[in-house]
Amino acid sequence: MKRSMQGRFNFNGWILPAVRYREWRINRSWYILAAAMLVAPWFVQLYNDFKVGPAHILIIQLMGGYGNTTIAASTVIAGGLGLVVFWYDFSQGRLAYVLEGAVERRHVWWTKAFYVSATIIGAYLLTGIAMEGAWLAVGQSGVSITIVDAMAYLILVHLVIAATAMMVGSAIGNVIYAAIGVVVMVAWPTLLQSVIEMVIGGSAYRLEVGVQNLMAALSPASVISNHLHLYVQSTPKVVAFSRFDQWLIVLWFGVWLGAMGWLGQRLFQKILWERFFDAFYFPVLWNGVYAGLALVTAWVYEAVNGSNLVGVNRLLLLLGIAAPMFFVWRWIVRQIGRRALWKMRSGVRS
Amino acid sequence: MTSSLVTVENLDKTFRGQKVLTRIDWAIPEGSIYGLIGSNGSGKTTLCRLILGILWPDSGLVTVGGVRLPQESGRARQQMYYVGADSRLGRGFRIAEWARYEQLMYEQWNAARFQKLLQAFELEPSQRIGELSYGTKTQLQIALALSASPKLLILDEPTNGLDLVVKRQVLQLILDVVSEDHTTVIFISHLIEDVERLCDQVALLHRGQKLIDGPVDMVKKTFTRVQGFFPEGATPRVKDNLREVSPEWSGRMAAGIARGTPDGLVEQFRSAGALYVDVVDMDLAEVVRRLLEAEGYKRETFHAGTL
């Protein structure tokens, strides 16, 4: 009895039973919905495949192609889950006020991480078991490594996206800004690659290829879209890649996951309580909005005026327009804010 | 000498560049019921959230039980319970489910007391929190707070939304439980008569600064009303003698307010010709009003037809 009591109130632990209980009660609909959305397409496809032909070949084809065709949607689901568990808790669960109780923010963060991970792992574990079951049911002997590989990879990819979303959700209170933030986070090397290519402008082919390869390897979005087939050995492309490449990707995703987990918890612990009612928990992030608006303005201006510049000159022109626009947008947004037209949530009582 | 459960030293807090609290020093004796009153936006809730460790001070120190609070400590907050106007109750929960959550959170949870309080407040465990009225939610919060058996109970406007009968019951229950548990209470309210009835100490905040604090009886002695009966009435001679006092006249009775000891004012009344002079204690509300007015906190009143 004493041991169980100590467990309940062990503040050194990562998850408190009270926080776990509340998290499931508040967000359980989202966890169940996300798991169902991740699993359902696979089961529907499996059912259809069984109806039409040689099932074991179709299962192989399913594993080979289906992950690729559904991954865009399923990563959106994983990212959405990572964001919604914070957003819904603040808006409906009154999370800011719940923090007045005997809970710590890191417990809240890791409890959400636990359930998000369990949802993704559970969904693909279930899918994998169903696939293996079907594999054996059609007369194949032994476990299909293809299925194990594919499911392990899908779990990792979705955890990466969900962890990124959770990290962003720990810093941004407005769900639209947060969604943009997630896209930027998983694709920033690709975005950077576009800028570098624009600057190089075809003048240095080897450098361009080098940049492409480096950025493609750094960007989770690129890795996900380019390398899913690595894990699906039935596709011809696998010949070109070794197990070593696969492990490199696993390693990189592992580092990314760890970084997102650490950063997300740290950010969530650093937020001033009174900022929980703002669109950005860290006001400095508004600079990202001003920069984004300034770049769009510069791009539109350049497109409308039909500039013939290329490479560095084009980049300099864009930056030359964007730099003053940054301050113009900053002034406009602050004026709107001062007039209380931009309030995302209620203020703080004093 | 009672030791202090909570000590606040030189506390400053700013929200978005605006100073909310300035150099607050405050010591709350263990087992006391401390009333915290003040004008709107004076920083009462902010001060309590700083004590809880929810808000972080710009500078200054908060210690609870002699230990400086870390930026966030669930273990320290096991000993504190905050009942605020912005309720943390989950809207989608039933009462029993939220009680289960609190039971899992608070080590000293008193389940038997919670059941009794639910009965006293005529609440059903199966009721959905989202469907409760504001006043009923307040009662539920108080039941939860008293059942968590904290050492420090912070009640932020706990009687808002309660009718007279329920308010009386709630205040009595709070008194009963805190005296049984020897709980220290910070009681924030705009209803100064509630503070006067419930609290043994009181602090007054205004524009982020503490104007006064101490035992209620001592604070009430900040001002004293002195009344004098002048047989000749408010004649020019009497008025001239009392020009420094500027008393309020009601027939042949003059009333003046003395800050601190009333002896000087009594003497002035007598030398101005008062037949008899009476010193009357003021109620806390009037003392608070005068303290705030002395700080320049006044609002114009309008008579019907002037708006």
### Query
Taking a 25 Å limit on the Cα-Cα distance, which of the listed pairs B:13/B:210; B:137/B:167; B:44/B:151; B:137/B:220; B:116/B:151; A:112/B:13 fall beyond it?
B:137/B:220; A:112/B:13
### Task
Largest first and in whole Å, give the semi-axes of region B:1-157's equivalent ellipsoid, each being the square root of 5 times a Cα gyration tensor eigenvalue.
30, 18, 14
### Query
Which value in Å is the Kirkwood Rh of region B:166-207 over different Cα pairs?
11.3
### Message
In Å and on Cα atoms, what radius of gyration and Dmax does chain B show?
### Response
23.2, 74
### Message
Net charge within 9 Å of residue B:62 by Cβ-Cβ distance, Lys/Arg positive one each and Asp/Glu negative one each, not counting residue B:62 itself?
### Response
0
### Query
Taking N as the number of residues in region B:90-213, what value does Rg over Cα atoms divided by 2.2 N^0.38 Å take?
1.10
### Task
Just read off the accessible area of residue B:225 with the full protein assembly in place, 1.4 Å probe, to the nearest 10 Å².
50
### Query
If you take all C-alpha pairs in region B:1-47, what percent of them are over 15 Å apart?
53
### Query
So how do A:277, A:50 rank on accessible area, 1.4 Å probe, biggest first, that is with the largest at the start?
A:50, A:277
### With every protein chain in place, region B:4-213: carbon and sulfur % of accessible area (1.4 Å)
45
### Message
Rounded to the nearest 10 Å², what accessible area does residue A:106 have for a 1.4 Å probe in the complete protein model?
### Response
50
### Query
In what sequence, highest mean first, do A:159-170, B:11-22 appear when ranked by Cβ atoms within 10 angstrom?
A:159-170, B:11-22
### List B:237, A:105, ordered by accessible area with a 1.4 Å probe, largest first
B:237, A:105
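Near residue B:124, within a Cβ-to-Cβ distance under 12 Å, what is the net charge of the other residues, with Lys and Arg +1 and Asp and Glu -1?
0
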### Task
For region A:18-48, list whatever residues lose no less than 10 Å² of accessible surface once every protein chain is in place, relative to that chain by itself, with the probe at 1.4 Å.
A:18, A:21, A:22, A:25, A:26
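Against the globular-protein guess of 2.2 N^0.38 Å, express the Cα radius of gyration of region B:222-280 as a ratio, rounded to two decimals. Mind showing how you got there, number by number?
On the way: Rg = 10.1 Å, N = 59, 2.2 N^0.38 = 10.4 Å.
Region B:222-280 yields a ratio of 0.97.
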### Task
Place a +1 charge on the Cβ of each Lys and Arg in chain B and a -1 charge on the Cβ of each Asp and Glu, then give the dipole magnitude about the Cα centre in debye, rounded to the nearest 20.
680
### Relative contact order computed over chain B (Cα-Cα under 8 Å; 6+ residues apart), in percent
18
### Query
Computed over the Cα atoms of region B:163-270, what is the convex hull's projected area averaged over all directions, in nm²?
10.2
### Query
Taking the Cβ of residue B:183 as the center, what net charge do the other residues with Cβ under 14 Å away carry, scoring Lys and Arg +1 and Asp and Glu -1?
-3
### Query
For chain B, with every protein chain kept in place, what is the accessible area per residue (1.4 Å probe, Å²)?
47
### Rg(Cα)/(2.2 N^0.38 Å) for region B:208-307, N = residue count
1.24
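Could you compute how much accessible area chains B and A hide from each other, both sides summed, with a 1.4 Å probe? Nearest 100 Å² is fine.
The B and A chains share an interface burying roughly 3600 Å².
The values are calculated or read from the model by the stated rules, or taken from the named source; none is laboratory data. None of these values were measured; they are calculated from a predicted model. With ideal geometry, Cβ positions are generated from the backbone for all residues, glycine too; neighbour counts draw on all protein chains shown. Just the protein is used for accessible areas: all its heavy atoms, side chains included, with ligands, DNA and RNA removed. Shrake-Rupley method; radii C 1.70, N 1.55, O 1.52, S 1.80 Å.
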